[in-house]
Amino acid sequence: MSTIFGAVQPVAHASARGMGALYRTALPWLAVVAILCTGNVRAADESTSAEQKALLAIPPEFRHPDFVWTTAEGDLNGDGIPDLALLLTKHKGEDQREERLLVLTGRADGSYQVLSTSGEFCHPSKFYNLEIKNHSLFVQAVYYADAARFSGFTLQFRYNAKIKDLEHIGEQQDDEDYSSNASHRVSLNYLTNTTIDSRRAGKKYKEARGRIVGGPGVLPLNGFVCEGYGMTGSSVYLDESFKVHKMGVTPP
């Protein structure tokens with residue numbers, strides 16, 4: 001099944017069978033999570049652990065979150081030093097909470113500095129997955145997942161040295177019905193302004209390529225607001241009968 005010319009490389013699909021991946025992703029940084037939630041931090045010195053150094057780089061208002069969704073470690077800016085991404089939640093009032101995606105860059109001395117902090121994030125009804133792969137950060141927001149069905153979307157961010165920030169360059173919406181072996185996927189590439197809409201039902205598969213309609217374009221992660229963010233429109237759409245509909249713009 002195609003993705004958008006290889007630019008969008010989604011996190012492995014989540015399901016009730018694969019929910020353990022959420023916890024495996026965070027294992028290398030469980031110590032960070034523990035420190036964040038307990039507030040056990042002190043000034044940096046020679047004996048300061050890597051986990052505490054990561055915490056010291058986090059803005060004070062986010063050092064004591066109510067919940068750490070997940071973390072991911074890997075090289076995002078291409079300097080060969082592991083960086084760290086965290087998704088944090090903190091309550092700000094009755095029945096209200098704020099979510100932030102934080103990215104910390106690693107330094108040669110083992111310390112960290114904040115590279116980027118998102119605006120309000122996605123608030124999925126289930127959970128998040130994070131993955132750093134090929135210098136890109138993939139954020140999967142899962143809205144439904146059990147043994148029969150999956151629904152969620154994945155955002156791709158990639159480092160741009162010119163602006164010294166990650167940029168939102170692609171996204172992918174996935175809906176799967178395991179019981180009927182059917183799926184629907186929409187992939188968008190903001191670098192090329194192109195889309196792929198694909199459907200599968202049993203052995204039948206079809207995809208339609210088009211252009212992005214009304215998209216926000218490439219956006220920096222710093223201040224990126226995901227809450228209420230919907231999938232951008234495409235000039236083509238595949239319905240459940242595999243019929244292609246053109247929406248205002250002629251596909252390439």
Gln113 versus Asp75: modelled label distance in nm, points set 7 Å from Cα along the beta carbon direction: 1.9 nm
If each K or R counts +1 and each D or E counts -1, the residues other than Ile212 whose Cβ falls under 15 Å of its Cβ total +1
Among the stretch 201-223, those whose backbone N falls under 15 Å of a label point 7 Å along Cα→Cβ from Ser180 are 201-205
For Lys243, give me every one of the lysines with a C-alpha distance below 28 angstrom, ignoring sequence neighbours fewer than eight places off in its own chain. Lys203, Lys204, Lys206
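Can you give the local net charge around Leu76? Use residues other than it whose beta-carbon is closer than 11 angstrom to its beta-carbon, Lys and Arg +1, Asp and Glu -1. Intermediate results must be reported in sequence, preceding the final value.
Working: positive: Lys133, Arg158; negative: Glu73, Asp75, Asp79, Asp83, Asp165.
The answer is -3.
Suppose R0 equals 25 Å; then what is the FRET efficiency for Lys206 and Lys164 from their Cβ-Cβ distance, rounded to the nearest 0.05? Walk me through the intermediate numbers first.
Working: r = 42 Å, r/R0 = 1.66.
Taking R0 as 25 Å, the efficiency between Lys206 and Lys164 is 0.05.
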What lysines does Lys90 reach when the alpha-carbon gap must be under 25 Å and sequence neighbours fewer than 8 apart in one chain are set aside? Lys53, Lys126
Spin-label point model (7 Å from Cα, Cβ direction): what's the Glu120 to Phe242 distance in nm? 4.2 nm
Amide H proximity to Ser234 below 5 Å, modelled H, separation 5+ or other chain, gives Val213
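Computed from the coordinates by the stated procedures, all read-outs in this text should not be read as laboratory data. Just so we're clear, the structure is a prediction, and the values are computed from it rather than from any experiment. Backbone-built Cβ (ideal geometry, glycine too); neighbour counts: all protein chains shown.
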